[in-house]
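Asks: The structure under discussion is supplied below as C-alpha cells; questions concerning it will follow.
The values are calculated or read from the model by the stated rules, or taken from the named source; none is laboratory data. From a predicted model like this one, the values you see are computed outputs, not experimental measurements. Please note: Cβ atoms are built from the backbone with ideal geometry, for glycine as well, and neighbour counts cover all protein chains shown.
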Amino acid sequence: MNTAIVGCGSIARTHVKCIQTMAEHKLVAFADSKLERAEAFAAQYGGHAYPSLESLLDHEKIDVIHICTPHYLHVPMAIYSLEKGVHVFMEKPPVISREQLNILKNIKTDRQLGFCFQNRYNPSIVKVKEMLQSGIGGRILGARGYVTWSRSEEYYTSSDWRGDLEYEGGGALINQSIHTMDLLQYLIDDRPLSIDAMITNHHLKGIIDVEDTISAYIKYPKSIACFYATTSYITDAAPLIELCCENMSIRIEELEVTCFYKNGQVEKLPITRKKGYGKSHWGVGHEDCIKDFYKSIEENRPFFLNLEEIEMTIELMLGAYESGRCGKEIFFS
Ligand SMILES: NC(=O)c1ccc[n+]([C@@H]2O[C@H](COP(=O)([O-])OP(=O)(O)OC[C@H]3O[C@@H](n4cnc5c(N)ncnc54)[C@H](O)[C@@H]3O)[C@@H](O)[C@H]2O)c1
C-alpha cells in the first residue's frame, strides 16, 4: 500500500521507522504546514513534500495516512481523509472534546480508522491481559495507575500548540498519561459507573493553561481505580499500574511485571524485552500496533484499536476533565 504522514514533528519519525520495517508498504509523501519539515522528511526518507493534507491528497494516490499533528487537528484531518477514501491511523488523543467524539461516532465509512494506544502492545500488558483472561488471579478488586513525569517550561514554550487548551485540549492527562488511563480501563475491562477528578497546575502557573496534575477516583460495579498523573516531577519515572486481584496483586512498571501472591511469594515474570523507536517513555508498542493496523486492512478485518474498543477510555478522559472543571462526580449512563 502507499502511505503518507501528515505532521512531520517528533513522533512522525517513529512512524517512519515502523513503516520502514514493512517492505511491502511504501512511504510516498509527507505534509506539514511548515513545508521545510515535510521537505526534510522527503529528502531523508524519499517521497514528495506538501504544505497541507489537502494538497497531499489532491496530488498522491494514498491508501493510508498517519495523522501526527497537534491534538485539535486529529478529528478534522481524519474526517477529511476518510471522505477521500483513505484509511487513517491517528496518533493519540482520539478527540479533544465531546463534540469531536460525536463527529467520530457519526462517520459513515468503509475505510479503517485506527487509534494509536500502542502501549496495549507492550509485552508486559499482553502478558497481564492473558493472565487476567485465564482467571488465574481471580477478580480485580481495585487498581491504581500512577504517572510521575517531567515536562519543563521549555517543552511548552518551544511548541506553538502544547500548553494551550484550545490546541492541546488539556495537559498531563490528554497528552501524557492517557496511555495509563487506557491501560487501566483495558485491564479492568468493565464499564465504569462514575469518575470524580481534580485537576491543577502546580509548577507552570502563568506558562501553560492546561493541567500539570490530575487525580481521579473511578468507580466500577465490582471494583475501583485510583489514578494520579503529574508532569511536575523531575524525571520520567516508569508508570505504575497495580491490579489488586482476589488471588494476587500484579504490578506493571513499563516492561516489568511482578506478582505478589497471597502466601507472600513474590515473582518477577520473564518478559521478552523489545526495542522501541523514539523516546523511552513512548514505549515499545508502536511497531506492533502499526503493523497490526496494516495487517487488518490487508486481511479486511476490523483493527483492534477501533473507536468502539477505545470509546470508554475517551469517556473516562472527557469525564475526568468535566469533573475536574466543575468539581462534581460524573456518572456514565
Ligand atoms: N503515542 C505516543 O506515545 C505519542 C508520543 C508523542 C507524541 N504523540 C502525539 O503525536 C502528535 C504529534 O506530537 P509531536 O510531539 O510529534 O508534535 P510536534 O509539534 O513535534 O509535531 C507536529 C507537527 O505537525 C505540524 N502541523 C501543525 N499544524 C499542521 C497542519 N495544519 N497541517 C500539517 N501539519 C501541521 C507541525 O508543524 C509539526 O511539525 C500529538 O497528537 C501527540 O500527542 C504520541
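Asks: Could you tell me which numbered condition Gly142 fails, if it satisfies all but one of (1) assigned to a loop (DSSP other than H, G, I, E, B); (2) of a type outside the set (A, V, I, L, M, F, W, C); (3) under 12 Å from Ile218 (Cα atoms)?
Replies: It is condition (1) that Gly142 fails.
Asks: When residues of region 163-173 are filtered for being buried (at least 24 other Cβ atoms within 10 Å of the Cβ) and near the ligand (Cβ under 9 Å from one of its atoms), how many remain?
Replies: Qualifying residue count, region 163-173: 0.
Asks: Looking at Glu168, Glu130, which is the one that is within 16 Å of Pro93 (Cβ to Cβ) and under 22 Å from the mean Cα position of the chain (by Cα)?
Replies: Details: Glu130 fails: within 16 Å of Pro93 (Cβ to Cβ).
Going through Glu168, Glu130 in turn, just one is within 16 Å of Pro93 (Cβ to Cβ) and under 22 Å from the mean Cα position of the chain (by Cα): Glu168.
Asks: Here's a follow-up. So if I check each of Ile208, Ile218, Ile214, which one is part of a loop (DSSP other than H, G, I, E, B), of a type in the set (Val, Ile, Thr) and buried (at least 16 other Cβ atoms within 10 Å of the Cβ)? Before you say what the answer is, go through the steps one by one.
Replies: Details: Ile218 fails: part of a loop (DSSP other than H, G, I, E, B); Ile214 fails: part of a loop (DSSP other than H, G, I, E, B).
Answer to the check: Ile208.
Asks: Check region 59-79 and report whether any residue there is over 30 Å from Lys262 (Cα atoms), part of a helix (DSSP H, G or I) and of a type in the set (Val, Ile, Thr).
Replies: Initial filter on region 59-79 (over 30 Å from Lys262 (Cα atoms)): 59-79.
Adding the requirement that they be part of a helix (DSSP H, G or I) leaves 59, 71-79.
Filter once more, so that each one left must be of a type in the set (Val, Ile, Thr): 75, 79.
Checked against the condition, which is being over 30 Å from Lys262 (Cα atoms), part of a helix (DSSP H, G or I) and of a type in the set (Val, Ile, Thr), region 59-79 yields at least one hit.
Asks: Tally the residues that are within 15 Å of Lys17 (Cα to Cα) and either without any contact (Cβ under 8 Å) to a residue 60 or more places away in the chain or among the β-branched types (Val, Ile, Thr) (or both), restricting the search to region 281-308.
Replies: Here the count works out to 2.
Asks: For region 30-55, what are the residues that are of a type in the set (Gly, Ala, Ser), surrounded by 15 or more Cβ atoms within 10 Å (Cβ to Cβ) and either away from the ligand (no atom under 12 Å from the Cβ) or in the same structural domain as Ser158 (by TED's automatic domain parsing) (or both)?
Replies: Ala42, Gly47
Asks: As an exercise: evaluate Thr3 against (1) touching an Asp or Glu at 6+ places or on another chain (Cβ under 7 Å); (2) free of Cβ contacts under 8 Å to residues at least 40 places away in the same chain; (3) hydroxyl-bearing (Ser, Thr, Tyr) and give the number of the one condition it does not meet.
Replies: All conditions are met except number (2).
Asks: If you go through region 22-32 one residue at a time, do you hit one that is assigned to a helix (DSSP H, G or I), at pLDDT 95 or above and at negative phi? Lay out the reasoning, then the answer.
Replies: Taking region 22-32 and keeping what is assigned to a helix (DSSP H, G or I), we get none.
No, because not a single residue in region 22-32 is assigned to a helix (DSSP H, G or I), at pLDDT 95 or above and at negative phi.
Asks: Would it be correct to say that Arg301 is surrounded by fewer than 16 Cβ atoms within 10 Å (Cβ to Cβ) and assigned to a helix (DSSP H, G or I)? Let's see the steps before the verdict.
Replies: Numbers: surrounded by fewer than 16 Cβ atoms within 10 Å (Cβ to Cβ): yes; assigned to a helix (DSSP H, G or I): no.
So Arg301 does not fit the description; no.
Asks: Say whether the condition of being closer than 30 Å to Glu242 by Cβ and acidic (Asp, Glu) is met by at least one residue in region 104-112.
Replies: Initially, region 104-112 is screened for residues closer than 30 Å to Glu242 by Cβ, giving none.
No, region 104-112 contains no residue that is closer than 30 Å to Glu242 by Cβ and acidic (Asp, Glu).
Asks: Being within 16 Å of the ligand (Cβ to nearest atom), surrounded by fewer than 18 Cβ atoms within 10 Å (Cβ to Cβ) and of a type in the set (Asp, Glu), is that true of even one residue in region 235-243?
Replies: The answer is yes, given that some residue of region 235-243 is within 16 Å of the ligand (Cβ to nearest atom), surrounded by fewer than 18 Cβ atoms within 10 Å (Cβ to Cβ) and of a type in the set (Asp, Glu).
Asks: Let me ask another. Need the failing condition index for Arg98 against (1) more than 21 Å from Ala38 (Cα to Cα); (2) away from the ligand (no atom under 11 Å from the Cβ); (3) touching a strand residue (DSSP E or B) at 6+ places or on another chain (Cβ under 7 Å), just the number.
Replies: Answer for Arg98: the failing condition is (3).
Yes/no matrix, rows are residues, columns are (1) surrounded by 19 or more Cβ atoms within 10 Å (Cβ to Cβ); (2) aliphatic (A, V, I, L, M); (3) assigned by TED's automatic domain parsing to the domain that holds Gln112:
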site	(1), (2), (3)
His281	no, no, no
His286	yes, no, no
Ile290	yes, yes, no
Glu315	yes, no, no
Gly327	no, no, no
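Asks: Can you name the number of the only condition in (1) acidic (Asp, Glu); (2) more than 16 Å from the ligand (Cβ to nearest atom); (3) not assigned by TED's automatic domain parsing to the domain that holds Glu83 that Asp110 fails?
Replies: (3)
Asks: Only residues that are within 9 Å of the ligand (Cβ to nearest atom) and under 20 Å from Arg111 (Cα atoms): list them for region 1-14, please. Talk me through it step by step, then tell me what you get.
Replies: Taking region 1-14 and keeping what is within 9 Å of the ligand (Cβ to nearest atom), we get 6-14.
Answer for region 1-14, where residues must be within 9 Å of the ligand (Cβ to nearest atom) and under 20 Å from Arg111 (Cα atoms): just Val6.
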